[in-house]
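What follows is a single structure, written as structure tokens, with notes after it.
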Amino acid sequence: MRVLSVTHGPTVPGGVFDEAAEAGGHMLERWVVPDGGIPDAADAYDAVMVFGGSQHPDEDDRFHWLAHEETFLKDVLDAGVPVFGVCLGAQMLARAAGASVRPAREPEIGWLDISLTPAGAADPVLGVLAETASVFKWHHYTFSLPPGASALAESGVCLQAFRLEGLPAWGIQFHAEVTRSMVESWIAEDPAEDELPMSGEALRAESAQRMPRSSAQGGALARAFLAEAGARAARQRGVTSSTTSAAADA
């Protein structure tokens, strides 16, 4: 498949999701939105993955490219292209789907639990997780449930995952894509540790211990999403093939 990885800076790559796409033999392309450039039309891709960033989803006055990203994601949804958003990516996907984005009641930073809803446990993508899972979070914002969407996971602070009704479109607030080097970079970007609920050294130590399990969870989520996208691509190819054959017979 042709897979687009949408990122927002050098320290917020696709992590284990990009690794899963490449390991699956897919053609992985990257669009770093703040760097400019224009991706191909949404329907040129078989899957789109949108990742995190230090920016907030309502800071259009500071980051003018947010509106461009929202327009692209609206095109992705209109075309029915499978899409998976993570943290800022999920916030932008929710925004494109008509939800409100706003500061969370409190930040969530570090290794914290999420709980799947019954819909999440039954979901073909989120359902690969345990009903209660420890995940890595680093966010200050959240989103309301988009119109017609299903809540798939939650925490005591805010909604943690959703799927848009009738669409192959998922958003998660937590960082299932994270790698140890990414955590190191994020801690280094906040050398005063102003916003951390623990010391940087403590977060590094806990991350080293928890990362193998997190990488396994993230890889499972990525593969489940790519499997859903692959099934859709196969159906699309079947429809195209049938249409071509019918036209030739005529």
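The values are calculated or read from the model by the stated rules, or taken from the named source; none is laboratory data. The structure presented is a predicted model; accordingly, all values stated were derived computationally and were not measured. FYI the Cβ positions are ideal-geometry reconstructions off the backbone, even for glycines, and counts take in every protein chain you see. Ligands, DNA and RNA are excluded from the accessible area calculation, which covers all protein heavy atoms including side chains. Shrake-Rupley method; radii C 1.70, N 1.55, O 1.52, S 1.80 Å.
Taking every protein chain into account, the accessible area of the chain amounts to 43 square angstrom per residue (probe 1.4 Å). Dipole magnitude for the chain: about 700 debye, using +1 per Lys or Arg Cβ and -1 per Asp or Glu Cβ, origin at the Cα centre.
Projecting each Cα onto the charge dipole of the range 1-99 (Lys/Arg +1, Asp/Glu -1 at the beta carbon, about the Cα centre), which of 21, 65, 97 comes out farthest on the positive side? Working it through, the farthest residue towards the positive pole turns out to be 21. Largest to smallest in accessible area, the residues 207, 215 fall in the order 215, 207 (1.4 Å probe, all protein chains included). Note on exposure: 8, 64 ranked by accessible area (1.4 Å probe, complete protein assembly) read 64, 8, with the most exposed listed first. Note that the range 81-89 has calculated 3J(HN,Hα) couplings of 6, x, 9, 9, x, 10, 6, 4, x Hz, one per residue in order, obtained from phi through the Karplus relation 6.51 cos²θ - 1.76 cosθ + 1.60 (θ = phi - 60°); glycine and proline are x. Normalising the average separation of contacting C-alpha pairs (under 8 angstrom, six or more residues apart) by the number of residues puts the relative contact order of the chain at 20 percent. Take the Cα of residue 44, go 7 Å toward its beta carbon, and the backbone nitrogen atoms of the range 1-25 under 18 Å from that spot belong to 1-7. Oblate is the label for the range 32-139, because the ratio a/c of its alpha-carbon gyration tensor axes (a ≥ b ≥ c) is 1.5 or higher and a/b is not greater than b/c.
For the chain, the fraction of 1.4 Å probe accessible surface lying on carbon and sulfur atoms is 51 percent. Since only 186, 205, 224 are under comparison, the one whose Cα sits farthest along the positive direction of the charge dipole of the range 153-230, derived from C-beta charges on Lys, Arg, Asp and Glu, is 224. When a/c is below 1.5 the answer is rounded, else prolate if a/b is larger than b/c, else oblate, so apply that to the chain with a ≥ b ≥ c taken from the square roots of the Cα gyration tensor eigenvalues. Prolate. The phi-based Karplus calculation (6.51 cos²θ - 1.76 cosθ + 1.60; θ = phi - 60°) puts the 3J(HN,Hα) values of the range 112-127 at 9, 8, 10, 10, 6, 7, x, 5, x, 4, 8, 6, x, 9, 5, x Hz, whole numbers, x for Gly and Pro. About its Cα centre, the dipole of the range 23-75 is roughly 180 debye, where the only charges are +1 on Lys and Arg Cβ and -1 on Asp and Glu Cβ. Our coupling estimate for the range 213-218, obtained by passing each phi through the Karplus curve with A = 6.51, B = -1.76, C = 1.60 and θ = phi - 60°, is 5, 4, 5, 5, 5, x Hz, Gly and Pro reported as x. Placing dummy labels 7 Å off each Cα toward the beta-carbon, the span from residue 131 to residue 206 is 2.5 nm.
Close amide-amide hydrogen proximity is noted between residue 32 and 7, each under 5 Å apart and 5 or more residues distant or on a separate chain (H modeled in the peptide plane; Pro and chain starts excluded). The heavy atoms of residue 131 offer some 130 square angstrom of accessible surface to a 1.4 angstrom probe.
Under a 5 Å amide H cut-off, with hydrogens placed 1.01 Å from N, residue 142 pairs with 102, 104 among residues at least 5 apart or on other chains.
The charge dipole of the range 1-142, taken about its Cα centre with unit charges on the Cβ atoms of Lys, Arg (+1), Asp and Glu (-1) only, comes to about 240 debye. Under the criterion of Cα pairs below 8 Å and six or more residues apart, the relative contact order for the range 115-208 equals 21 percent.
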